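Written out below as structure tokens is the structure these notes cover.
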Amino acid sequence: RPPLARLRSAPRAGPLAERGGDEDALVPEPVLLAVERATAKGGVRLTDADVAVATGMPVDEARRGLLALAQQVGGDLEVSETGDLVYAFESGVRGALEAASARARRAALWRTWEPRLQQAARVGFGAALLVSLATVYVAIALLSASASSSSDSRDRGGQSRPVYVSYGSPFDFWYYTRPRYYDPYADPRRRGTRGGPEPMGFLEACFSFVFGDGDPNLALDDRRWAQVAALIRESGGAVTAEQLAPYLDPGRAPAEDGTADGGGPNVDEAFVLPALVRFGGAPEVVTDEAGNARIVYVFPELLTTAEAKPRGLLRPGRAEGAEARDPYLEEALVPFSRAEPEQLALAGVLGFANLAGVAYLGRLLSVVGAAVAAGAVSAEGAGVVTVLRLLYPPLAAYSLLFAFGPIVREVLRRRSNAKRVERTAVRASWARALQDRTASLARKLRAASRARPTARRPYPSKAA
């Protein structure tokens, strides 16, 4: 059946594209990835619900992204008799978008340079440790020589007693805290030999020692909503709180009968609200086989699809080749660092050396500063003291951050990891309840299956 209307959107060009006006909207990267993957083997027709299921985005946000993409690359927009908008794209959408949109070109340029800039910042932070060490101990040598010369001059003049600076040698720590570079009991295998991340250099390891390597759960929300959307479409648009709980944050384990309400009159399923808001869902009250009122949640917006046999790439209806859903959403624990143990040990030793040197330099500056005030230091020595006093605050701040930053981070890391373990355990308990499926929960799931809305396809299949 032909569509009610077909609109051809030509690639936008001209003065508006050059100056990046309001129509030069940035296409969200998840939308572009979903369309790009769908068109890998040729053209594709899809709806905003297809993209929402593939990415976990809200339907409205997916619709805006598809409209912006169709406007900028010249996609077909078809309005069906059911009033649904279908988008048709050919392969090569990313190249076409970057050719048509200056904003897309800037985004692509940033994606290219962002990892390089991040690596440069990490290396620069580690190099600052070596610069700080060199500055501190060269300064200590200069001040010690200045103090010695001033003492010698006072001895020759007989004006005052010599000034002795004796706080022990800052290099003594090398004897007591020499790092072990070879551990006979260490695992000889190294990262990078089994497909894992490549081992980092020592300068990057210094950054990792202080700040870590980021949160491995940054894409957790993307995974969460993609799993929820896939579950909703796989379940025909009607689900229960018990089905959604393994992917949300219910905050508590299920009741003894495996349900959220325990079969009682008090129902607390507020944890499903984010899913309702994101995917346009609504609660409905149905009656199960035992005559009990049950709450189910329907999401008709996620059921519109442009294909009679949906592609597994977009995961609608658990089609052939579709990715299997995880039984529950699992949060990864944040490691202290992915640097090698010997790198971390050396970074810690050098950080302690820097802190000890800065502390020694501060006490030395106070003693020599008093000599400068008394006029017992030459003009050159006084100039050195002035410069070092200007450098001392950033040197002290860096040394304190390097020494105490990992301690504070470790305390916070342990707390956050404990919460991650707790949340994952709660989700796993809901997944086990679904797998065990008590009689009460089974009745509720069957009631939800009877409340499924009718899936809409803009065009019926040829077989129909």
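Can you pull the one-decimal nm distance between simple spin-label points at TRP110 and PHE211, each 7 Å off the Cα toward Cβ?
1.8 nm
With r defined as the distance between the Cβ atoms of VAL408 and ALA282 and R0 fixed at 41 Å, what FRET efficiency is calculated, to the nearest 0.05?
Numbers: r = 45 Å, r/R0 = 1.11.
Using R0 = 41 Å, I get an efficiency of 0.35.
Which ³J(HN,Hα) values in Hz, rounded to whole numbers, follow from the phi angles of segment 355-367 under the Karplus curve 6.51 cos²θ - 1.76 cosθ + 1.60, where θ = phi - 60° and Gly and Pro get x?
My calculation for segment 355-367 gives 5, 5, x, 5, 4, 5, 5, x, 5, 5, 5, 5, 5 Hz in order.
For a paramagnetic label modelled at 7 Å from the Cα of ASP326 toward its Cβ, which residues of segment 413-452 fall within the zone defined by backbone nitrogen distances under 15 Å?
What the label zone holds, given the 15 Å backbone N cut-off, is 420-432.
Amide H neighbours of GLY74 under 5 Å, counting only residues 5+ apart in sequence or on other chains, H built in-plane at 1.01 Å?
Counting only residues 5 or more places away or on other chains, the set is ARG12.
Not counting ligands, DNA or RNA, and with a 1.4 Å probe, what is ARG37's accessible surface area in Å² rounded to the nearest 10?
120 Å²
Output ³J(HN,Hα) for segment 429-440: one whole-Hz value per residue in order, computed from phi by the Karplus curve 6.51 cos²θ - 1.76 cosθ + 1.60 with θ = phi - 60°, and x for Gly and Pro.
5, 5, 5, 5, 5, 5, 5, 6, 6, 5, 4, 5
For GLU422 and ASP222, compute 0.36 nm times the residue count separating them, minus their Cα-Cα distance, and round to one decimal in nm.
Details: separation 200, 0.36 × 200 = 72.00 nm, distance 2.05 nm.
Roughly 70.0 nm would be gained on extension.
Considering amide H positions built from the backbone, and no H for Pro or chain starts, which residues 5 or more places from ARG294, or on another chain, come under 5 Å of its amide H?
Residues meeting the criterion, in which the H sits 1.01 Å from N, are VAL286, THR287, ASP288.
Given H placed on each backbone N at 1.01 Å, which residues far from MET200 in sequence or on other chains put an amide H within less than 5 Å of it?
GLU340
Run the paramagnetic zone check for LEU117: 7 angstrom along Cα to Cβ, then residues of segment 197-234 with backbone nitrogen under 20 Å.
Once the point is set 7 Å along Cα→Cβ of LEU117, 204, 207-208, 213-215 turn out to lie under 20 Å by backbone N, inside segment 197-234.
Provide the packing ranking of 280-290, 348-358, i.e. peptides ordered by the mean count of other C-beta atoms within 10 Å per residue, highest first.
Numbers: 280-290: 14.7, 348-358: 20.2.
Top of the packing list down: 348-358, 280-290.
Ordered by residue, what ³J(HN,Hα) values in Hz, to whole numbers, does segment 279-285 give under the Karplus form 6.51 cos²θ - 1.76 cosθ + 1.60, where θ = phi - 60° and Gly and Pro are x?
10, x, x, 8, x, 9, 9
The values are calculated or read from the model by the stated rules, or taken from the named source; none is laboratory data. These numbers were taken from a predicted model, which means no experiment stands behind them. Note that each Cβ is placed from the backbone with ideal geometry, even for glycine, and that neighbours are counted across all protein chains shown. Ligands, DNA and RNA are stripped out before the accessible areas are found, and what is left, the full protein with its side chains, is counted by its heavy atoms. Shrake-Rupley method; radii C 1.70, N 1.55, O 1.52, S 1.80 Å.
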